[in-house]
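Values in this text are rule-based calculations from the coordinates and carry no lab data. Remember, it's a predicted structure, so these values are computed and weren't measured experimentally. Quick reminder, even Gly has a Cβ in these numbers, built from the backbone with ideal geometry, and neighbours come from all protein chains shown.
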There are 4 protein chains.
Amino acid sequence: MAGNSFGQVFRITTFGESHGEAIGVIIDGCPPNIVIDLDFIQAELDKRKPGQSKITTQRKESDTVKILSGVFEGKTTGTPLAMLIPNEDQRSKDYMHIQDKYRPSHADYTYQTKYGIRDYRGGGRSSARETAARVAAGAIAKSYLQQLGIAIFAHVSAVGDIQAPNLGDLSIPELITIREQNIVRCADPATANQMIAFIDAVRKDGDTVGGIISTVIRGVPVGLGEPVFDKLHADLGKAMLSINAVHGFEYGSGFEGASMRGSAHNDLFINPDHKAQSLKTRTNFSGGIQGGISNGMDINFRVAFKPVATLMKAQMTINTSGDETEITGKGRHDPCVVPRAVAIVEAMAALVIVDHYLRNLTIGDSESNLLKTLS
Amino acid sequence: MAGNSFGQVFRITTFGESHGEAIGVIIDGCPPNIVIDLDFIQAELDKRKPGQSKITTQRKESDTVKILSGVFEGKTTGTPLAMLIPNEDQRSKDYMHIQDKYRPSHADYTYQTKYGIRDYRGGGRSSARETAARVAAGAIAKSYLQQLGIAIFAHVSAVGDIQAPNLGDLSIPELITIREQNIVRCADPATANQMIAFIDAVRKDGDTVGGIISTVIRGVPVGLGEPVFDKLHADLGKAMLSINAVHGFEYGSGFEGASMRGSAHNDLFINPDHKAQSLKTRTNFSGGIQGGISNGMDINFRVAFKPVATLMKAQMTINTSGDETEITGKGRHDPCVVPRAVAIVEAMAALVIVDHYLRNLTIGDSESNLLKTLS
Amino acid sequence: MAGNSFGQVFRITTFGESHGEAIGVIIDGCPPNIVIDLDFIQAELDKRKPGQSKITTQRKESDTVKILSGVFEGKTTGTPLAMLIPNEDQRSKDYMHIQDKYRPSHADYTYQTKYGIRDYRGGGRSSARETAARVAAGAIAKSYLQQLGIAIFAHVSAVGDIQAPNLGDLSIPELITIREQNIVRCADPATANQMIAFIDAVRKDGDTVGGIISTVIRGVPVGLGEPVFDKLHADLGKAMLSINAVHGFEYGSGFEGASMRGSAHNDLFINPDHKAQSLKTRTNFSGGIQGGISNGMDINFRVAFKPVATLMKAQMTINTSGDETEITGKGRHDPCVVPRAVAIVEAMAALVIVDHYLRNLTIGDSESNLLKTLS
Amino acid sequence: MAGNSFGQVFRITTFGESHGEAIGVIIDGCPPNIVIDLDFIQAELDKRKPGQSKITTQRKESDTVKILSGVFEGKTTGTPLAMLIPNEDQRSKDYMHIQDKYRPSHADYTYQTKYGIRDYRGGGRSSARETAARVAAGAIAKSYLQQLGIAIFAHVSAVGDIQAPNLGDLSIPELITIREQNIVRCADPATANQMIAFIDAVRKDGDTVGGIISTVIRGVPVGLGEPVFDKLHADLGKAMLSINAVHGFEYGSGFEGASMRGSAHNDLFINPDHKAQSLKTRTNFSGGIQGGISNGMDINFRVAFKPVATLMKAQMTINTSGDETEITGKGRHDPCVVPRAVAIVEAMAALVIVDHYLRNLTIGDSESNLLKTLS
């Protein structure tokens, strides 16, 4: 009800404030016997952690994760898997100046009005620091997806007006390798260089800029997603829109599809493998999802992030007494969130896919499900 | 789990197939003592019903709704409110030709593979006919919102490449009046005429086209929406993406915001009323939502619909045996869904807002909540 | 939230008032490809329906069920299965005399105070008539359990101070045959005769009496039930306590177990089949459930029903203005509910077992789960 | 789904194994602005903690709780409140002897078969140590109930065949004082002495014994509880049955009510205060709940606990290979759990009442609800 849980079967609940003792997450419904690789979880967190390059915030958090329960002798047990990430470099005094001011385009005013109280230090619960807990949980989800042959890849496809070209026919491991060779996490090296230079210039202005992350998911079997309200793309959309600063989500043909004709947009079925149970489509304007259910083609979607609200320049605002005042960002902030948000987008996508994979098992031992298992 | 319910407190569950006996909906958690106006519910359904103009499908359904429970002497009782809409003009024989064919960009293949069985008549459960049940439930939600002083307005802002200009400063009742004066449901009469001519031409081609619906919600108090996963815009996004044919959702600055700088994008607070509890912002790139919580400004968002998949021309496809075959739409279909989808978008928006209004009451009798009640 | 749904995966939502248009139920999450036998569903409803013998209410309802959705060509499709039972013999005028009186030990006062409105006719939503919808849904659940080799048997084991002896080693089909040969639904014919005579005498007094229903469930595989809060017996307990008039639930050794010593109470494991995956226990004080999870032994529990509150004699009470008044039962009422409640207890048990069976599938394709499938 | 969460609005999720790093709990949906008293939380935990007297296990755990989030400057903020209790005195080697043996009437066999893996140390997740997390969460719930004027009292009313007499007319603070003066936590001092002597004798035998806990809740307003499935007593029943070793639950007249006549059982309404909104009943066989909804009278119920399964004597059992073997309890165990379980019963009761209090707020600003607030 209060909105700190996500997922139906593979269900995570996160907790913690930016400048409290720790943040963390419980996964309830994690299948047993998944091999847990702490190094992999940590590597995922490192992609999101602050202070990793000149174009991210300089806050220094090692984001070291500790597993408190649910794992025995290196494997999950099916019981709740709790993970804890202590807060280290808090510098709460950086936030004393906002104790009684509402930062523009932040959640200070809405939290204060909703709850009548707020932890103003670093945004408290509204801080994107909460997403580290999602990345930790997403790493467990990815470990399970890997067993199932499902892979996820996200990268920065736009910063400001700079847009990456479409990706070619590379495999996901190849794409990841290219992406991790630049600090902006774009899979096109030439575009990456432009983006980095642009973000650096914006940062020197004391300003910030938005961007877009594009994602592809490969190897999803036919049949994931529930008709009507819990369509696979509806749950992916909600997952992405729940990430701080996200203002838009589209899948397949997206907003461009709205201007197309049906005769150009329809994805014609083909049967290259001559198996009635695993068709392909000639095009993929459906983005791998038809009627809310995966059709076995690549799932793809794009997520739009607004520019970071904290600026290193003076802005007018209102204080908690209702009077006008001036505010200037202190502390350490990102000029552009998308390089670090790539890990968050992948984590949320992994959580949605695992959850729908497990939900789909509840259809039971139908003939069709058995066929899928045996094939 | 199986995805036919929506909402946490004001929770609807829909049922029914396109060519079954009836479709319907149960609302659980409807507050007591709401006055029920059957004429209003019917009028909402009439905006969505087929056969209403030359640019919609010619299937004739009166979509007459019947309330089975939860209302006593004209008022809701707090018990489950069940509504039934019988199917009348079914012509199931129009669908015999697709019994063993997978229609391109429809849900036939994914349903068959997921469940091992499907009601192929008219798309069965995957038919947009299901959304009539949502509109009926949305009408109850709107009745409650009206008591609270909250109003919702959606209209067709784009069809193909034809886009409506921004709306001026009209009130929502004025906007509704203008919109209902044309069959495409665009609030700009000149644009509406272009859209109608274009859709009619597309229809004569045997083709279809997509479009965009834009929405504004006024009068929402500060504080609706839950932080983290159930952000108000995340739930609005999921609601919209759960509507048949929707491929994209954006709110506030949306995808355009991704290319903006923070200094241009930030919504500076102002206090025209000199009340610390009800600030305004100079601009509204936040779309009325900050940190996932309503800030009292207009909530606005845009929804992209792909073109209808059923064409009145021949297309190649695959049958259930895996062989190539040809298919041509029979029956009665929409060349463009957005005119009828306006009612669905408004209904889903109403359901989200009512649900979050009631969820927010669970914060309890905090000083801040009492203040809101008394103000 | 509002409490009209039950189950997590196989989830039912009921609606309807005693004297409204109809009552009904939606099952969401029903697996596809279950063969539906309408005669079986009707036969289950007939065991609960009013007017079936001299010791039940004389209200005449055929309780004829109609399936509105979710079934195609005789099989479930995996989409919501809606069932409707019209109300026929309503005689609402029998209830005009209680319009402004609170019946003792009924829900009139609590509903009125909670909601500020109530449908006073026949108890409205608080009427046990609602349980007909549960029996209809339970019949679908039983059809699925039969496929899985799981059988449920309940019977009246006590009425007033008359108690049935323990059942011998009969099979469930044999037990059902014996039970259905008497109108009180006790599987011991001699005790049944005493019970019937006693209830009839109580009825002639214008009085009512309580009773106990005992249940056994056979064929449940090891592993159903979730640790901690959703223990199998906790969900069975809630299911039973949600039935009108139930005041107590115990399983296995129950309240008697509280006075026993561990050395007498422990169920020692044995391995008659020499298979490490399917142990038995020498005794069954655990009632087939250990640590909240089924252990493969018979599950058994007992449910206590208080006497019916409506008496055919005058009682003092208070009216809605707060003044003293007299009330006498009119209409047609049961002197003892347990004979009709047997069908309700079995239905709720079936719903719990099916739900936990499907929930258990979400553990995933663990080695242990595959072993279970193959064994 | 996996069953480690409880509650709908005030929702707790617990984690942790008996011999892991720590156990803990997240409360999501905790109202803001509740004053948090760490000493009170710790005092509640101390009533449940091991090693507190000669009739409890000698395991030494300080059960020191740490709040990680959701509290700012001594008050709750409305964000998730996470609490951690590190495990200290683990002595896991005490459990090496059961690594490959299934302890009788424990959860070893069912966990192993369900998950294909288990943390065998101290019962892992099936250990009653998990309930410490519930007590911590219950202490927060109690803090909120105190603000609302609601008080809960539980005590040991039976051990073996020794039963306490009915309590007189003492206030809840007086009852607590008396109860805490003896180590068995019975509110009748003479009975307490008998119980203590009996448990001590059983302990010296290497045996264990069961018992009963009786509870009363005072000050609950009329209107809590949801009709149909989430009746207040059904949720209390599930809460109690989810506690380790509980085999039975009854409220009001309970199992005795099954043998009563309606004319003796009905609770006649009276109106001593001459206020139509707050009636009383002459008797209270309804246990404070009618139609699943609180009626303003004392809520009372009884919970039966089976004897502890771990004995300090040899028992025959089966090992994980399916062979017969002998087992003898090592480590430190309770001869009778009820003295420590009093705190758990009160905690679970508090969680249910707070949850239903907050759920009831979602009825909205109905006239009746406003009346209740103003009265």
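Among residues other than C:SER126 whose Cβ falls under 14 Å from its Cβ, what is the net charge (Lys/Arg +1, Asp/Glu -1)? Present the calculation step by step, with values, prior to reporting the outcome.
Working: positive: C:ARG103, C:LYS114, C:ARG118, C:ARG121, C:ARG125, C:ARG129, D:LYS231; negative: C:GLU17, C:ASP108, C:ASP119, C:GLU130, D:GLU226, D:ASP230.
Once positives and negatives cancel, what remains is +1.
Under 5 Å from the amide H of A:GLU17 lie the amide H atoms of A:ALA22, D:GLY70, each residue being 5 or more positions distant or on a separate chain, with H modelled from the backbone and absent for Pro and chain starts.
For C:LYS75 and C:GLN147, the difference between the fully extended length at 0.36 nm per residue and the C-alpha to C-alpha distance is 24.6 nm. With its label point defined 7 Å out from Cα along the Cα-to-Cβ axis, C:ILE183 lies at 6.0, 6.5, 8.8 nm from the matching points of the other copies, in increasing order.
Across chain D, C-alpha contacts under 8 Å between residues 6 or more apart give a mean separation that, scaled by the residue count, equals a relative contact order of 21 percent.
Within a Cβ distance under 14 Å of B:PRO104, other residues only, what is the Lys/Arg minus Asp/Glu net charge?
+2
Sequence-ordered 3J(HN,Hα) estimates for region B:35-44 from the Karplus curve with 6.51, -1.76 and 1.60 and θ = phi - 60° stand at 6, 9, 10, 4, 5, 5, 4, 5, 5, 5 Hz, glycine and proline given as x. GNM on chain B, alpha-carbon springs under 10 angstrom: the most fluctuating residue among B:ASP200, B:ASP161, B:ASP119 is B:ASP161. Among C:SER286, A:SER278, the ranking by other beta carbons within 10 Å of each residue's beta carbon, starting with the fewest, stands as A:SER278, C:SER286. Take B:ASP37, move 7 Å from Cα toward the beta carbon, and the resulting point lies 5.2, 5.2, 6.2 nm from the same point in each other copy, nearest first.
Computed on region C:23-160, with alpha-carbon pairs under 8 angstrom and 6+ residues apart, the relative contact order is 29 percent. Under 5 Å from the amide H of C:ASP119 lie the amide H atoms of C:ARG125, each residue being 5 or more positions distant or on a separate chain, with H modelled from the backbone and absent for Pro and chain starts. With no solvent and one point on each alpha carbon, what is the Debye value of log10 I(q)/I(0) for region A:228-337 at q = 0.13, 0.18 Å⁻¹? Treating every Cα as an identical point scatterer, log10 I(q)/I(0) equals -0.68, -0.96. Axis-proximal residue of chain C for the rotation onto chain D, reported as residue and distance in whole Å: C:LYS238, 2, based on Cβ position. Each Lys and Arg adds +1 at its Cβ and each Asp and Glu adds -1 at its Cβ; summed about the Cα centre, chain D shows a dipole of about 320 debye. Among B:LYS47, D:LYS306, A:LYS330, the ranking by other beta carbons within 10 Å of each residue's beta carbon, starting with the fewest, stands as A:LYS330, B:LYS47, D:LYS306.
Alpha carbon centre of region A:60-128 versus region B:131-168: separation in Å? Cα centroid to Cα centroid, the span is 37 Å.
In summary, the aspartates and glutamates within cross-link reach of B:LYS101, defined as a Cα separation below 15 angstrom excluding same-chain residues under 8 places away, comprise A:ASP267, B:ASP119, B:ASP323, B:GLU324, B:GLU326. Taking a cut-off of 15 Å, what percent of all Cα-Cα pairs in region A:272-327 are separated by more than that? Summing the P(r) of region A:272-327 above 15 Å gives 69 percent of all pairs. Inter-copy label distances at B:PRO272, using a point 7 Å along Cα-to-Cβ, come to 5.8, 5.9, 8.3 nm with the shortest given first. All Cα-Cα separations within region B:1-124 were binned at 10 Å from zero, giving a P(r) of 11, 33, 33, 18, 4, each value a whole percent of the pairs.
Taken about its Cα centre, the protein assembly as shown carries a charge dipole of roughly 0 debye when the Cβ of each Lys and Arg holds +1 and the Cβ of each Asp and Glu holds -1. Taking the helices alone, chain D has a mean residue ellipticity at 222 nm of -9000 deg cm²/dmol, built from -39,500 (n - 2.57) per DSSP H run of at least 4 residues and averaged over all its residues. Please compute, over every Cα-Cα pair in the protein assembly as shown, the percentage with a separation greater than 45 angstrom. Summing the P(r) of the protein assembly as shown above 45 Å gives 41 percent of all pairs. According to the calculation over all Cα-Cα pairs in chain B, the P(r) per 10 Å bin from zero is 5, 22, 31, 25, 12, 4, 1, 0 %. For the residue pairs C:LYS47/D:LYS231; C:LYS60/C:LYS330; C:LYS114/D:LYS275; C:LYS114/C:LYS313, the C-alpha atoms sit more than 20 angstrom apart in C:LYS47/D:LYS231; C:LYS114/C:LYS313. Size of region C:139-220: Rg and Dmax of its alpha carbons, in Å, are 14.5, 46.
The charge dipole of region A:45-122, taken about the Cα centre with unit charges on the Cβ atoms of Lys, Arg (+1) and Asp, Glu (-1), comes to about 220 debye, rounded to the nearest 20. Solvent-free Debye calculation, one equal scatterer per alpha-carbon of region C:91-209: log10 I(q)/I(0) at 0.16, 0.21 Å⁻¹ equals -0.99, -1.12.
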